[in-house]
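The values are calculated or read from the model by the stated rules, or taken from the named source; none is laboratory data. Computed from a predicted model, the values in this text were never measured in an experiment. Cβ sites come from the backbone with ideal geometry, for glycine too, and all protein chains shown count toward neighbours. Surface accessibility is based on the protein's heavy atoms, side chains included, excluding ligands, DNA and RNA. Shrake-Rupley method; radii C 1.70, N 1.55, O 1.52, S 1.80 Å.
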There are 2 protein chains.
Amino acid sequence: MGLYCFGIDVGGTTVKCGLFLTDGTLVEKWEIPTRIENNGSEILPDVAQTIKDKIQERGLTKDNIDGVGIGIPGPVNDKGEVPMAVNLHWGFKAVASELSFLTGLPAKAGNDANIAALGEAWKGAAEGAKNVVLVTLGTGVGGGIIVDGKIVSGHHGAGGEVGHANVNHSEIEACNCGNHGCLEQYASATGIVRVANQILEESQEDSSLRHCRNLSAKAVLDAYKAGDKLAVHTMEKVGDVLGGALAVFSCVVDPETIVVGGGVSKAGQPLIDCITKFYKKYAFPSCKNTPIVCASLGNDAGIYGAARMVIKD
Amino acid sequence: MGLYCFGIDVGGTTVKCGLFLTDGTLVEKWEIPTRIENNGSEILPDVAQTIKDKIQERGLTKDNIDGVGIGIPGPVNDKGEVPMAVNLHWGFKAVASELSFLTGLPAKAGNDANIAALGEAWKGAAEGAKNVVLVTLGTGVGGGIIVDGKIVSGHHGAGGEVGHANVNHSEIEACNCGNHGCLEQYASATGIVRVANQILEESQEDSSLRHCRNLSAKAVLDAYKAGDKLAVHTMEKVGDVLGGALAVFSCVVDPETIVVGGGVSKAGQPLIDCITKFYKKYAFPSCKNTPIVCASLGNDAGIYGAARMVIKD
């Protein structure tokens, strides 16, 4: 086991980079821009260069480095290959082997939501748990499943794609994935606004939400905390759908801890309490007390999880 | 790696026993009665005795035996402990360590549905697949999840309890588990009859099902295959619920193969086709072509999976 490792999290505009001790101490973090020009062909060379620069700057030796883990916004199979990553303008790319070739270090690649789950299970809100379900509520709904301390990437790299769990067979509007009734259509920031607008339309009652110029998930959650009736109605609907979905995930993998991350989770404990109420209603009896907690690593979850992937046990 | 191992599957009335070569060849199988008197205190000693007898009868040596795997109808944690198994009249029992003590062999214990999944993934309908979802449609609905070739037992031993995935938040009738709207209430043999009776009540149309004295799932499926309109209506409802649930499980663990077992699966390909139609409708795009197949090991799935647990890789 080396002393150091790198955790890299590639996003659409910036690449987050972390140098870690293998005990999980974050030594330094920094960012470089994501250059998506030329079909993103410069992204991995840029990552390799910043790693080499950091090794030189710190006077490290390769013998002392367990490797480089990298998270990608797209499906990643067990070999560290990406069939395509739309936001990076990539078609097929053998990410792990290419990064290993470019750096001369062992490399592993994972999906960005999956590595965030691994990060939270390693040093975040679910620290020490071997089995974790993470759901991230952002523009969309992502997720990651950790079983026995390892990412469940799945046969098609779709492990943890829980935002596309179908929660309503009668939904008329389409999800971005083409299906109808995905969790993401209700529990993402966009989904919460969509549900709120439906409830505002169906009701005659006044609500502080009617006075928002651009209704946002944050506005709905703030009004929910303030006790606005239609905001409460909205979040009860969202909580019912999300808590119910988490209960289903629980009877599949029965996690020790369920972690809720993403921008929407900034609403904190009132959101968690709302989800937990419905989770308990629908969960299999022996899973009813599984704790649901807010993610704690924020935007650093990805670099932590990426680093964790390459640490030898 | 030894040459032999034992696979044991404890049911409420009989204990199925198998002697295997570690390459998966079933050398011999036999049964002993399950003696549930005295709080089932004789069950493990009986199992140990039949194993010792078989070792002597065949002139085997312990050095040549990898161990004994045993399946139990109840939750089993990672240590091979059972908090309770109602059908065996057991409270807490440290099954693996007790069986190891009694036989002098390494022992592992697993839940009966989970070991059936492992059996099907090893030598059955999903042979060779590393990631498998098994759902068994019997009196109830059970299941097992295999990830990376291993059983997902879960934090409370509730991994694979997919029969209690909530599929209908508006259900009024209660499931045996106390919740309302579990998959089991629609897709078990009992559930199929329940759905059929509801549809018969709501409709004025004639149906061959109206002439059954004791309506059974088999009668519904036979009528479905014969094109009876209300039986088709029933199975479309069941397929919608079950296919939809399998699609949700797929976006959690993304299996290579989905296996359908249990008594109801004897209906064969027409049932599989019905489930697959709805699965494809609701599944995440990259999982839409995941094959759904009938279990192939029948009642032997448990002894295969139990044996597989103790084979050293």
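Which residue pairs have Cβ atoms under 8 Å apart, sit 6 or more places apart or on different chains, and have a first residue in the stretch B:287-313 that is in contact (Cβ under 8 Å) with a residue 24 or more places away in the chain and a second that is among the hydroxyl-bearing types (Ser, Thr, Tyr) and assigned to a helix (DSSP H, G or I)?
B:Cys287/B:Ser250; B:Thr290/B:Ser250; B:Thr290/B:Tyr279; B:Ile292/B:Thr276; B:Ile292/B:Tyr279; B:Cys294/B:Ser265; B:Ala295/B:Ser265; B:Leu297/B:Tyr304
Just give me the residues in the stretch A:1-31 being among the β-branched types (Val, Ile, Thr) and surrounded by fewer than 17 Cβ atoms within 10 Å (Cβ to Cβ), in sequence order. Give the steps one after another, and end with the answer.
Initial filter on the stretch A:1-31 (among the β-branched types (Val, Ile, Thr)): A:8, A:10, A:13-15, A:22, A:25, A:27.
Across the stretch A:1-31, the qualifying residues are A:Thr13, A:Thr14, A:Thr25, A:Val27.
Scan the stretch A:195-208 residue by residue and report those that are part of a helix (DSSP H, G or I) and either without any contact (Cβ under 8 Å) to a residue 24 or more places away in the chain or open to solvent by 50 Å² or more (accessible area, probe 1.4 Å) (or both). Outline the logic, then answer.
Our first condition is that a residue be part of a helix (DSSP H, G or I); within the stretch A:195-208, this holds for A:195-202, A:208.
Passing the criteria: A:Asn197, A:Gln198, A:Glu201, A:Glu202, A:Ser208.
Is it the case that A:Leu118 is open to solvent by 10 Å² or more (accessible area, probe 1.4 Å) and either touching a Phe, Trp or Tyr at 6+ places or on another chain (Cβ under 9 Å) or over 14 Å from A:Ile258 (Cα atoms) (or both)? Walk me through how you get there before you give the answer.
On the way: open to solvent by 10 Å² or more (accessible area, probe 1.4 Å): yes; either touching a Phe, Trp or Tyr at 6+ places or on another chain (Cβ under 9 Å) or over 14 Å from A:Ile258 (Cα atoms) (or both): yes.
Spelling it out, A:Leu118 is indeed open to solvent by 10 Å² or more (accessible area, probe 1.4 Å) and either touching a Phe, Trp or Tyr at 6+ places or on another chain (Cβ under 9 Å) or over 14 Å from A:Ile258 (Cα atoms) (or both).
Quick check on the stretch B:265-285: of everything there that is open to solvent by 10 Å² or more (accessible area, probe 1.4 Å) and under 24 Å from B:Ile151 (Cα atoms), which residue is farthest from the other protein chains (Cβ to nearest Cβ)?
Here the residue is B:Ser265.
If the requirement is being surrounded by 15 or more Cβ atoms within 10 Å (Cβ to Cβ) and closer than 16 Å to A:Ala107 by Cα, which of these qualifies: A:Gly67, A:Gly40? Lay out the reasoning, then the answer.
Working: A:Gly40 fails: closer than 16 Å to A:Ala107 by Cα.
Testing whether each residue is surrounded by 15 or more Cβ atoms within 10 Å (Cβ to Cβ) and closer than 16 Å to A:Ala107 by Cα leaves just A:Gly67.
Inspect the stretch B:74-91 for any residue being modelled with pLDDT of 95 or more, surrounded by fewer than 24 Cβ atoms within 10 Å (Cβ to Cβ), farther than 26 Å from A:Glu256 by Cα and away from chain A (no Cβ under 14 Å) and give the result as yes or no.
no
Right, B:Ala226: at pLDDT 95 or above and open to solvent by less than 50 Å² (accessible area, probe 1.4 Å) or not? Walk me through how you get there before you give the answer.
Numbers: at pLDDT 95 or above: yes; open to solvent by less than 50 Å² (accessible area, probe 1.4 Å): no.
When the stated conditions are applied, B:Ala226 does not pass them.
Are any of the residues in the stretch A:197-204 β-branched (Val, Ile, Thr) and farther than 18 Å from A:Glu236 by Cβ?
Pass one, the stretch A:197-204, residues β-branched (Val, Ile, Thr): A:199.
Imposing the further condition that a residue be farther than 18 Å from A:Glu236 by Cβ reduces the set to none.
The answer is no, given that none of the residues of the stretch A:197-204 is β-branched (Val, Ile, Thr) and farther than 18 Å from A:Glu236 by Cβ.
In the stretch A:286-300, which residue that is closer than 17 Å to B:Gly163 by Cα and not hydrophobic (A, V, I, L, M, F, W, C) is nearest to the other protein chains (Cβ to nearest Cβ)? Even if it seems obvious, please write down each step before you answer.
As a first pass, look at the stretch A:286-300 and keep what is closer than 17 Å to B:Gly163 by Cα: A:286-288.
Now drop any that are not not hydrophobic (A, V, I, L, M, F, W, C), which leaves A:286, A:288.
Details: A:Ser286: 4, A:Lys288: 9 Å.
If we take residues in the stretch A:286-300 being closer than 17 Å to B:Gly163 by Cα and not hydrophobic (A, V, I, L, M, F, W, C), then A:Ser286 is nearest to the other protein chains (Cβ to nearest Cβ).
Of the residues A:Asp9, A:Asp23, A:Asp46, A:Asp78, which is of a type outside the set (Val, Ile, Thr), at negative phi and without any contact (Cβ under 8 Å) to a residue 12 or more places away in the chain?
On the way: A:Asp9 fails: without any contact (Cβ under 8 Å) to a residue 12 or more places away in the chain; A:Asp46 fails: without any contact (Cβ under 8 Å) to a residue 12 or more places away in the chain; A:Asp78 fails: without any contact (Cβ under 8 Å) to a residue 12 or more places away in the chain.
Criteria check complete, one pass: A:Asp23.
Within the stretch A:126-151, how many residues turn out to be buried (at least 24 other Cβ atoms within 10 Å of the Cβ), within 15 Å of the chain's Cα centre (by Cα) and not polar (S, T, N, Q)?
13
Among the numbered criteria (1) in contact (Cβ under 8 Å) with a residue 24 or more places away in the chain; (2) open to solvent by less than 40 Å² (accessible area, probe 1.4 Å), which single criterion is violated by A:Leu102?
The single condition A:Leu102 does not satisfy is (2).
May I ask you to list the residues in the stretch A:168-183 that are more than 8 Å from chain B (Cβ to nearest Cβ) and of a type outside the set (S, T, N, Q)?
Passing the criteria: A:Glu171, A:Ile172, A:Glu173, A:Ala174, A:Cys175, A:His180, A:Cys182, A:Leu183.
So if I check each of B:Leu242, B:Leu230, which one is out of contact with any Lys or Arg (no Cβ under 7 Å at 6 or more places or on another chain), on the phi < 0 side of the Ramachandran plot, more than 14 Å from every other protein chain (Cβ to nearest Cβ) and in contact (Cβ under 8 Å) with a residue 24 or more places away in the chain? Spell out the reasoning first.
Values: B:Leu242 fails: more than 14 Å from every other protein chain (Cβ to nearest Cβ).
The conditions single out B:Leu230.
Restricted to the stretch B:170-194, and to residues that are among the small types (Gly, Ala, Ser) and out of contact with any strand residue (DSSP E or B) (no Cβ under 8 Å at 6 or more places or on another chain), which residue is least open to solvent (accessible area, probe 1.4 Å)?
Initially, the stretch B:170-194 is screened for residues among the small types (Gly, Ala, Ser), giving B:170, B:174, B:178, B:181, B:187-189, B:191.
After this cut, where a residue has to be out of contact with any strand residue (DSSP E or B) (no Cβ under 8 Å at 6 or more places or on another chain) as well, the list is B:170, B:174, B:178.
Numbers: B:Ser170: 93, B:Ala174: 66, B:Gly178: 46 Å².
So, considering only residues that are among the small types (Gly, Ala, Ser) and out of contact with any strand residue (DSSP E or B) (no Cβ under 8 Å at 6 or more places or on another chain), the one least open to solvent (accessible area, probe 1.4 Å) is B:Gly178.
Is it the case, given these coordinates, that A:His211 is open to solvent by 10 Å² or more (accessible area, probe 1.4 Å), over 22 Å from A:Pro285 (Cα atoms), at pLDDT 95 or above and of a type outside the set (A, V, I, L, M)? Quick ask: steps written out before the conclusion?
Values: open to solvent by 10 Å² or more (accessible area, probe 1.4 Å): yes; over 22 Å from A:Pro285 (Cα atoms): yes; at pLDDT 95 or above: no; of a type outside the set (A, V, I, L, M): yes.
In short, no.
Tell me, which residue of the stretch B:286-313 that is modelled with pLDDT under 95 and open to solvent by 20 Å² or more (accessible area, probe 1.4 Å) is farthest from B:Asn64 (Cα to Cα)?
B:Ser286
Any idea how many residues of the stretch A:43-64 are part of a helix (DSSP H, G or I), open to solvent by 50 Å² or more (accessible area, probe 1.4 Å) and of a type in the set (S, T, N, Q)? Spell out how you get there, then give the answer.
Here is the first cut: in the stretch A:43-64, the residues part of a helix (DSSP H, G or I) are A:43-58, A:62-64.
Applying the additional criterion that residues be open to solvent by 50 Å² or more (accessible area, probe 1.4 Å) yields A:49, A:52-53, A:56-58, A:62-64.
Imposing the further condition that a residue be of a type in the set (S, T, N, Q) reduces the set to A:49, A:56, A:64.
The total comes to 3.
Within the stretch B:30-37, can one find any residue that is aliphatic (A, V, I, L, M), more than 29 Å from B:Gly154 (Cα to Cα) and modelled with pLDDT of 95 or more?
We begin by selecting, within the stretch B:30-37, every residue aliphatic (A, V, I, L, M); these are B:32, B:36.
Imposing the further condition that a residue be more than 29 Å from B:Gly154 (Cα to Cα) reduces the set to B:32.
Remaining after also requiring modelled with pLDDT of 95 or more: B:32.
Looking through the stretch B:30-37, at least one residue is aliphatic (A, V, I, L, M), more than 29 Å from B:Gly154 (Cα to Cα) and modelled with pLDDT of 95 or more.
Can you name every residue in the stretch B:1-34 that is among the hydrophobic types (A, V, I, L, M, F, W, C) and not in a strand (DSSP E or B)? Give the derivation first.
Narrowing the stretch B:1-34 to residues among the hydrophobic types (A, V, I, L, M, F, W, C): B:1, B:3, B:5-6, B:8, B:10, B:15, B:17, B:19-21, B:26-27, B:30, B:32.
Result: B:Met1, B:Leu3.
For residues that are part of a loop (DSSP other than H, G, I, E, B) and under 21 Å from A:Ala94 (Cα atoms), scanning just the stretch A:121-159, find the one that is nearest to the other protein chains (Cβ to nearest Cβ).
Going through the stretch A:121-159, the residues part of a loop (DSSP other than H, G, I, E, B) turn out to be A:124-131, A:138-140, A:148-149, A:152-159.
If we keep only those that are under 21 Å from A:Ala94 (Cα atoms) as well, we get A:152-159.
On the way: A:Val152: 5, A:Ser153: 8, A:Gly154: 2, A:His155: 4, A:His156: 4, A:Gly157: 7, A:Ala158: 4, A:Gly159: 4 Å.
Looking at residues that are part of a loop (DSSP other than H, G, I, E, B) and under 21 Å from A:Ala94 (Cα atoms), I get A:Gly154.
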